[in-house]
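Trainee: Following this message is one structure expressed as structure tokens.
The values are calculated or read from the model by the stated rules, or taken from the named source; none is laboratory data. Owing to the predicted nature of the structure, the values given are computational and were not obtained by experimental measurement. Counting neighbours? That spans all protein chains shown, and the Cβs are built from the backbone with ideal geometry, glycine included. Just the protein is used for accessible areas: all its heavy atoms, side chains included, with ligands, DNA and RNA removed. Shrake-Rupley method; radii C 1.70, N 1.55, O 1.52, S 1.80 Å.
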Amino acid sequence: MAHSSIVSLEQEERETLRAFITDQLGRGNLELPLLPVVANQVLLLSSDPDSEVAQFSSLIQQDQALAGQIIRIANSPAYAPRAPIVSLQQAITWLGLNMLAGLAFSVSVQSGVFHTTGYEQEVRGLWRHALATGLFGKEIARRIRHNVENAFLCGLLHTIGKPAILHLLSQAPGRSTERFSWRTVESLFDDFHVTAGSKLGAAWQLPDPVQETIRYYQDDQYHQASSPTKGAMITCLAHHLASVMLGNSSHDEKSLLTLPVVQDLNFYPEDMTALLELSETIKPSVECFLS
Amino acid sequence: MTLSTAVDLIVIGSGPAGQKAAIQGAKAGKRVALIEQTRQVGGACVYQGTIPSKTLRESALQMVRFLQATEVFEFRMRDDIKITNLMTRLDRVMRAHGEFMKAQLTRNGIDCFHGRAGFVSDHEVRIQHLDGSATFVTAPVIVMATGSRPRVPDNIPIDHEHILDSDSILSLVYLPKSLTVLGGGVIASEYASIFALLGVQVTMVDTADRPLKFLDQELTEEFCGSFEKTGGHYRGGQNIHTVQWDGRSHVTTVLESGETLESEKVLVALGRVSNLEHLNLQATGIQPTTRGLISVNTHCQTTVPHIYAVGDVIGPPSLASCSMEQGRRAVCHALGLNSGVSPEHIPMGIYTIPEMSSVGLSEQDAIAKHGGALVGRARFHEIARGQISGMTNGLLKMVADPKGDLLLGVHIVGEGATELIHIGQMGLLHHMPIDRFIDNIFNFPTLAEAYRVAALDIAKQRQH
């Protein structure tokens with residue numbers, strides 16, 4: 001009896017929150033978090049073919065915490081520098097402009113808009129998965145001899161709608177100090193993260209292939225994506241691989257083979273084995289970004 | 001014990017060579033199994049090679065035509081033009097071509113298998129499917145047509161991000177400012193000229209003193225002149241020492257001469273390698289050559305007589321047109337069918353900008369074979385149609401015997417060259433005298449008139 005009343009309370013809460021989020025997302029004047037200035041500028045700069053290292057360096061220097069994080073990542077064993085990295089210029093050279101842009105964007109967004117009190121651990125889990133997806137995406141693209149340039153950012157931001165939902169929940173009337181059960185939050189993610197992510201992607205003017213990936217990365221959707229970058233399809237598989245690597249997937253190595261996206265990418269068992277073996281290098285890279 | 005399905009003919013690979021082999025087998029009333037490891041039929045020709053690069057080329061030319069029209073219409077090009085914008089028609093073209101081929105195979109009753117083929121013995125092939133399951137087929141005749149992929153040289157770290165091959169360059173998101181093209185062959189020259197026309201600063205680097213060295217020298221000189229007019233540079237006689245991305249914004253190519261080239265991207269087009277690695281050739285006793293090719297005789301038979309190899313796996317000329325014919329003739333031979341007269345004069349088409357095409361003997365070859373040659377030339381800008389179309393370059397060169405009587409070869413550079421060449425091909429096949437091109441009337445104004453002009457140029461040089 002007691003159990004069923006808890007269930008019904010949870011259901012009630014879920015329905016209330018669902019109605020709230022539906023209402024929020026349906027509004028024309030939805031208040032989405034603003035893209036942090038540094039992240040916005042990083043994004044602009046990274047898509048400008050005339051941008052130079054010095055511009056990136058001076059931009060990142062504006063945010064001390066971000067600069068520190070970048071130096072730390074460049075010095076981490078995952079990137080094994082030949083000599084200690086002591087300057088931002090050196091870090092940029094070592095990590096590469098594209099990777100750095102993705103990282104700077106990610107760090108800046110994480111520590112800024114999506115710092116949601118009460119869910120620190122879970123948000124960290126979301127970023128861990130997003131980073132792993134980005135890194136797997138690059139490897140998938142490489143394996144099909146496809147240009148890898150967009151794959152990291154597509155993977156990194158494909159579930160940006162999830163922290164956006166948390167952000168919305170923090171604004172739920174009379175609930176600002178209450179922590180909802182993670183099961184409830186996850187159920188809301190399932191229902192709304194694509195819509196929320198799409199709105200955020202449009203509001204932040206993310207690159208077209210990234211916006212398309214946010215909309216269509218799921219198993220039953222990627223066929224709708226039309227960008228020749230194949231970002232949605234690549235991210236779909238990268239998402240699964242990241243889930244398997246992080247131990248939160250219902251799939252194992254064998255059942256992954258039956259996924260339609262594996263078939264559509266024409267990956268044979270040995271290709272999938274080779275991709276899964278990359279977990280050994282991707283996992284430490286992810287942890288190093290997060291630590 | 002695993003059961004094998006018995007068929008009359010197994011064809012491995014559905015590119016131009018495999019497809020024609022399978023169709024020839026089916027048309028002869030045989031039961032044919034066609035095995036393709038990718039999801040679509042057509043091979044690299046359709047999905048990574050000929051069709052995508054020609055679509056990009058066509059888009060580049062359309063863009064230039066638009067730019068030329070700016071005198072008439074007021075508009076400006078987008079600054080952020082992306083390759084994906086230029087490839088908008090590609091999906092449609094590929095889908096249509098794929099569907100057409102699939103329908104053709106189905107219509108001919110060919111059993112298509114999707115999977116990776118590997119020999120179990122010289123008569124049996126295992127087909128590994130994506131889900132890990134396997135099917136086995138046996139046949140008295142097997143044709144290998146597994147094609148090729150871009151070669152990855154040991155000293156060049158192709159990352160498909162900054163250092164690309166001819167597959168990954170097709171998925172570039174934006175046009176780079178500068179591109180170094182390593183290689184001087186067909187693929188290198190085609191992409192170099194396309195990107196140069198699109199406004200990219202292109203430098204070609206190769207060991208040969210000129211690109212496309214197998215072509216008539218005048219053609220390549222004309223090509224180089226045109227390439228340089230669009231801002232391109234050809235650096236011949238150079239060996240590559242290292243290629244490395246600097247981690248910031250450029251790829252540094254260090255030549256053995258010590259010279260350094262910097263560019264935003266590098267395209268590596270240093271040949272192709274045959275797709276043999278999954279075939280388990282040791283089960284057949286066939287040994288690839290040291291260059292990783294399959295040796296065949298004139299009938300495309302390997303050292304195991306009932307196993308044939310066609311297309312890119314046997315090496316040059318690696319032209320889709322030749323591969324198709326090899327596939328057809330191999331199956332005719334295997335089945336004891338008359339394959340018709342062996343093609344004597346196969347034209348070569350190169351889709352550079354401008355196009356180049358060649359059939360028969362080059363001037364140099366004619367001199368070597370006949371002790372001399374008379375050569376007639378027609379420049380497109382001197383032909384009415386060339387003037388109308390605003391052609392500033394283009395050359396048709398006819399090679400005749402030392403007396404100037406008999407046609408020995410035709411070499412064309414300029415737009416439409418790959419179509420125009422077929423008049424010359426027919427002339428060669430019918431041993432046509434040079435005067436026949438003078439006596440006949442061509443449509444006016446057409447580029448075909450260039451044949452008449454070149455023939456007159458030869459006639460003028462005759463010693464009477």
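Trainee: Per-residue counts of other Cβ atoms within 10 Å, averaged by peptide: what ranking do you get for B:437-443, B:424-430, B:185-191, B:343-349, highest first?
Mentor: Answer by packing, highest mean first, reads B:185-191, B:424-430, B:343-349, B:437-443.
Trainee: Would you kindly calculate the mean projected area, averaged across all directions, of the convex hull enclosing the Cα atoms of segment A:154-291, in square nanometres?
Mentor: Value for segment A:154-291: 9.7 nm².
Trainee: Where does the charge balance sit around B:H381 when Lys and Arg score +1, Asp and Glu -1, over other residues with C-beta under 14 Å from its C-beta?
Mentor: Working: positive: B:K229, B:R377, B:R379, B:R385; negative: B:E222, B:E382, B:E415, B:E449.
Cβ neighbours under 14 Å give a net charge of 0.
Trainee: Across peptide A:223-235, how many C-beta atoms of other chains are within 10 Å of each residue C-beta, on average?
Mentor: On the way: counts 0, 0, 0, 3, 3, 12, 4, 1, 1, 0, 0, 0, 0.
Going residue by residue through A:223-235 and averaging, the value is 2.
Trainee: What distance in nm separates the two pseudo spin-label positions at A:E10 and B:T289, each 7 Å out from Cα along the beta-carbon direction?
Mentor: Once both label points are built, they end up 6.9 nm from each other.
Trainee: Per the Debye formula with a single identical scatterer at each Cα and no solvent contribution, what log10 I(q)/I(0) holds for chain B at q = 0.12 Å⁻¹?
Mentor: -1.16
Trainee: Over segment B:270-312, what is the relative contact order in percent, taking alpha-carbon pairs closer than 8 angstrom and at least six residues apart?
Mentor: For segment B:270-312, the relative contact order is 28 percent.
Trainee: If you don't mind, there's one more thing I want to ask. In the structure shown, do any of B:K229/B:K397; A:K254/A:K283; B:K20/B:K54; A:K138/B:K102; A:K230/B:K213 have a Cα-Cα gap over 28 Å, and if so which?
Mentor: A:K138/B:K102; A:K230/B:K213
Trainee: Related question: What is the Cα radius of gyration of the protein assembly as shown over 2.2 N^0.38 Å, N being its residue count?
Mentor: On the way: Rg = 30.1 Å, N = 755, 2.2 N^0.38 = 27.3 Å.
Normalised Cα radius of gyration, the protein assembly as shown: 1.10.
Trainee: In addition: Quick one: compute the contact order of chain B, relative version, from alpha carbon pairs under 8 angstrom and 6+ residues apart, as a percent.
Mentor: Working: 993 pairs, mean separation 69.2, N = 464.
Relative contact order comes out at 15 percent.
Trainee: If you don't mind, another one. So, with +1 on the Cβ of K and R and -1 on the Cβ of D and E, and no other charges, what is the size of the charge dipole of segment B:315-464 about its Cα centre, to the nearest 20 debye? Before the final figure, lay out the partial values.
Mentor: Values: 12 positive and 14 negative charges, 22 e Å.
It comes to approximately 100 debye.
Trainee: With labels modelled as points extended 7 Å from the Cα through the Cβ direction, what inter-label distance (nm, one decimal) is found for B:T207 paired with B:A384?
Mentor: The two pseudo-label positions are separated by 5.0 nm.
Trainee: Another question about this same structure. Taking +1 at the Cβ of each Lys and Arg and -1 at the Cβ of each Asp and Glu, which of B:T392, B:A448, B:A459 sits farthest along the dipole of segment B:348-464 towards its positive end, judged by Cα position relative to the Cα centre?
Mentor: B:A459
Trainee: For segment B:311-464, what relative contact order do you get, as a whole percent, if you take Cα pairs closer than 8 Å and at least 6 residues apart?
Mentor: Details: 277 pairs, mean separation 35.5, N = 154.
Reported relative contact order: 23 percent.
Trainee: Between A:T117 and A:E186, how many nm apart are label points set 7 Å from Cα along the C-beta direction?
Mentor: Placing both labels 7 Å beyond Cα along the Cβ direction yields 2.6 nm.
Trainee: By average Cβ neighbour count within 10 Å, what is the ranking of A:241-253, A:184-196, B:320-332 from highest down?
Mentor: B:320-332, A:184-196, A:241-253
Trainee: When all alpha-carbon pairs of segment A:177-244 are counted, what percent fall beyond 21 Å?
Mentor: Value for segment A:177-244: 32 percent of Cα pairs lie more than 21 Å apart.
Trainee: So if we plug the beta-carbon distance of A:T273 and B:D154 into 1/(1 + (r/R0)^6) with R0 = 25 Å, what FRET efficiency do we get, rounded to 0.05?
Mentor: It comes out at approximately 0.55.
Trainee: Under 15 Å from a label point 7 Å along Cα→Cβ of B:S133: give me every residue in segment B:100-116 with its amide N that close.
Mentor: B:113-116
Trainee: Moving on. Nearest 0.05, what FRET efficiency do A:K254 and A:H223 give at R0 = 25 Å with Cβ-Cβ as r?
Mentor: Values: r = 24 Å, r/R0 = 0.96.
It comes to 0.55.
Trainee: Enumerate the lysines that B:K403 could reach by cross-link, defined here as Cα to Cα under 16 Å, with residues fewer than 8 away along the same chain left out.
Mentor: Counting by Cα, and skipping residues close in sequence, B:K403 has these lysines nearby: B:K369, B:K460.
Trainee: What does the highest-first list of A:205-214, B:128-137 look like by mean Cβ count within 10 Å?
Mentor: With the highest mean Cβ count within 10 Å placed first, the list reads A:205-214, B:128-137.
Trainee: Taking 60 Å as R0, compute the FRET efficiency from the Cβ-Cβ separation of B:F214 and A:S58 and round it to 0.05.
Mentor: Result of the calculation: an efficiency of 0.70.
Trainee: Taking the Cβ of B:T352 as the centre, find all other residues whose Cβ is under 12 Å away and add up their charges (Lys, Arg: +1; Asp, Glu: -1).
Mentor: Within the 12 Å Cβ shell, the charges total -2.
Trainee: Additional query: To the nearest 500 deg cm²/dmol, what mean residue ellipticity at 222 nm is calculated for the protein assembly as shown from DSSP H runs of n ≥ 4 alone, each contributing -39,500 (n - 2.57), summed and divided by the residues?
Mentor: When only DSSP H runs of four or more count, the value is -14000 deg cm²/dmol.
Trainee: Let me ask another. Near B:I412, within a Cβ-to-Cβ distance under 12 Å, what is the net charge of the other residues, with Lys and Arg +1 and Asp and Glu -1?
Mentor: For residues surrounding B:I412, the net value is -3.
Trainee: Percent of accessible area on the protein assembly as shown owned by carbon and sulfur, 1.4 Å probe?
Mentor: Its accessible area is 51 percent carbon and sulfur atoms.
Trainee: Give the cross-link partners of B:K265 among the lysines, using a straight C-alpha distance below 17 Å as the criterion and excluding same-chain residues fewer than 8 apart.
Mentor: Leaving aside lysines fewer than 8 places away in the same chain, those within reach of B:K265 are B:K82, B:K177.
Trainee: Under a Cβ-only charge scheme (Lys and Arg +1, Asp and Glu -1), can you give me the dipole magnitude of chain B about the Cα centre, in debye to the nearest 20?
Mentor: Roughly 1040 debye, rounded to the nearest 20.
Trainee: Here is a further query. Report the paramagnetic label zone for B:K54: residues of segment B:168-212 whose backbone N is under 16 Å from a point 7 Å from Cα along the Cα-to-Cβ axis.
Mentor: B:187, B:190-191
Trainee: For peptide B:168-175, what's the mean number of Cβ atoms from other chains within 10 Å of each residue's Cβ?
Mentor: Values: counts 8, 2, 4, 12, 4, 11, 3, 1.
Per residue, the number of nearby Cβ atoms from other chains is 6 on average.
Trainee: When Cβ neighbours within 10 Å are restricted to other protein chains, what is their mean count per residue of peptide B:409-420?
Mentor: For peptide B:409-420, the averaged partner shielding equals 0.
Trainee: Next question, about the same structure. Determine which lysines satisfy two conditions relative to A:K199: a Cα distance under 16 Å, and not lying fewer than 8 residues away in the same chain.
Mentor: Partners found: A:K162.
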